[in-house]
């Protein structure tokens, strides 16, 4: 019989983060995207839209991951009260969104962000 184990993330270390206005977040996420092109998927949870980049998988980073610690090199976010499937820039570049509000880790991250209010 195969044993399956769930080992959830215990800690996220955010090394750099920026809070944007929603319009600046859209500009930032569509920078370099062709007009009418599609940018990378971003996440939405409980009134916050966000994107992150993980650190490269070095030996130290992988060791931390095995111990439940995840490193994000960068996190950007903005207030967005209600979920939409797509955000659009002034040049019609699109940003697809996914609603991750059903995930406890994302809910906790958003609670933490709302407390921190970095950039205000």
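The values are calculated or read from the model by the stated rules, or taken from the named source; none is laboratory data. Since the model is a prediction, treat every value here as computed from it, not as a measurement. Every residue, glycine as well, gets a Cβ built from its backbone with ideal geometry; the counts of neighbours run over all protein chains shown.
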Original post:
Considering only residues of segment 15-43 that are crowded, with 16+ Cβ neighbours inside 10 Å and in contact with a helix residue (DSSP H, G or I) (Cβ under 9 Å, 6 or more places away or on another chain), which is nearest to residue 93 (Cα to Cα)?
Top reply: 39
Original post:
Among all residue pairs at least 6 apart or on different chains, which show Cβ distances below 7 Å where the first residue, located in segment 33-57, is at positive phi and touching a residue at least 24 places away in the same chain (Cβ under 8 Å) and the second is in a loop (DSSP other than H, G, I, E, B) and surrounded by fewer than 13 Cβ atoms within 10 Å (Cβ to Cβ)?
Top reply: 36/92; 47/81
**OP:** Being closer than 27 Å to residue 13 by Cβ and in a loop (DSSP other than H, G, I, E, B) is the filter; apply it to segment 84-114 and report the residue that is nearest to the chain's Cα centre (by Cα).
**Re:** 100
**OP:** Would you point out which residue out of 12, 4 is assigned to a strand (DSSP E or B) and at pLDDT 95 or above?
**Re:** 12
**OP:** Considering each residue of segment 53-74, count those that are crowded, with 16+ Cβ neighbours inside 10 Å, in a strand (DSSP E or B) and out of contact with any helix residue (DSSP H, G or I) (no Cβ under 9 Å at 6 or more places or on another chain), and give that number.
**Re:** 1
Subject >> Of the criteria (1) under 12 Å from the mean Cα position of the chain (by Cα); (2) not in a strand (DSSP E or B), which one residue 27 fails >> reply: (1)
